[in-house]
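Comments concern the structure below.
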Amino acid sequence: MAGERFTLRTWFMMFMAIAITILFIMSSTALWRHNFREMILFLILGASLAFLFYRGRLALLAAGGCTFIVVNTGLTAVFHPSAVGILFTVASAVGLVFFSRRVGKQHPGLLPDDWQKVFGNK
């Protein structure tokens, strides 16, 4: 029953949010290694995908990116605790709450059954 609620567009938009987040992470990693050509390539690719698919829904992209980071960094911070890992997990969790509330304010009166209107379908 829960699988019926996800449309192809919703899956695609979630996949794109994860891909854009990974491209921005790859860009920051390339900057850290002083590999500026890769950094510019990943940054331009991620920014163009964000502009193409999330032009009017940047808060939704940020919430999707924070979710991806919380899940992946959170698991790492539990098994391999470090100050940076815990900081990223807490910051992403705070960002997830902030951006989720912002998306909620952009769509006032949205019923829980109509949540896919956030992604632009229905």
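Looking only at the stretch 68-90, which residues are in a helix (DSSP H, G or I) and open to solvent by 60 Å² or more (accessible area, probe 1.4 Å)? Spell out the reasoning first.
First, the residues of the stretch 68-90 that are in a helix (DSSP H, G or I): 68-79, 83-90.
Scanning the stretch 68-90 gives VAL71, ASN72, LEU75, THR76, VAL78, PHE79, ALA83, VAL84, ILE86, LEU87, PHE88, VAL90.
Which one is surrounded by the most Cβ atoms within 10 Å (Cβ to Cβ) among residues in the stretch 23-59 that are polar (S, T, N, Q) and part of a helix (DSSP H, G or I)? Talk me through it step by step, then tell me what you get.
Let us first name the residues in the stretch 23-59 that are polar (S, T, N, Q), namely 27-29, 35, 48.
So of that shortlist, the ones also part of a helix (DSSP H, G or I) come out as 27-29, 48.
Numbers: SER27: 20, SER28: 11, THR29: 13, SER48: 12.
That would be SER27.
Would you confirm, using the coordinates I've provided, whether ALA62 is buried (at least 18 other Cβ atoms within 10 Å of the Cβ) and part of a helix (DSSP H, G or I)?
Numbers: buried (at least 18 other Cβ atoms within 10 Å of the Cβ): yes; part of a helix (DSSP H, G or I): yes.
In short, yes.
Test of understanding: among ALA50, ALA19, ALA59, ALA83, which residue is in contact with a Phe, Trp or Tyr (Cβ under 8 Å, 6 or more places away or on another chain) and among the small types (Gly, Ala, Ser)? Even if it seems obvious, please write down each step before you answer.
Working: ALA50 fails: in contact with a Phe, Trp or Tyr (Cβ under 8 Å, 6 or more places away or on another chain); ALA19 fails: in contact with a Phe, Trp or Tyr (Cβ under 8 Å, 6 or more places away or on another chain); ALA83 fails: in contact with a Phe, Trp or Tyr (Cβ under 8 Å, 6 or more places away or on another chain).
Among ALA50, ALA19, ALA59, ALA83, only ALA59 is in contact with a Phe, Trp or Tyr (Cβ under 8 Å, 6 or more places away or on another chain) and among the small types (Gly, Ala, Ser).
Restricting attention to the stretch 26-61, report how many residues are without any contact (Cβ under 8 Å) to a residue 12 or more places away in the chain and closer than 22 Å to PHE98 by Cα.
Number satisfying all stated conditions: 5.
I need a count of the residues in the stretch 95-113 that are under 22 Å from MET16 (Cα atoms) and either surrounded by 14 or more Cβ atoms within 10 Å (Cβ to Cβ) or hydrophobic (A, V, I, L, M, F, W, C) (or both).
Taking the stretch 95-113 as the starting set, the residues that turn out to be under 22 Å from MET16 (Cα atoms) are 95-104, 106-107.
Then drop every residue that is not either surrounded by 14 or more Cβ atoms within 10 Å (Cβ to Cβ) or hydrophobic (A, V, I, L, M, F, W, C) (or both), which leaves 95-100, 102-103.
Residues in the stretch 95-113 being under 22 Å from MET16 (Cα atoms) and either surrounded by 14 or more Cβ atoms within 10 Å (Cβ to Cβ) or hydrophobic (A, V, I, L, M, F, W, C) (or both): 8 in total.
The values are calculated or read from the model by the stated rules, or taken from the named source; none is laboratory data. Note that this is a predicted model, so its numbers are computed, not measured. Here Cβ is always computed from backbone atoms with ideal geometry, including for glycine, and neighbour counts include all displayed protein chains. When the accessible area is computed, the model is the full protein with side chains, heavy atoms only, and any ligands, DNA or RNA have been set aside. Shrake-Rupley method; radii C 1.70, N 1.55, O 1.52, S 1.80 Å.
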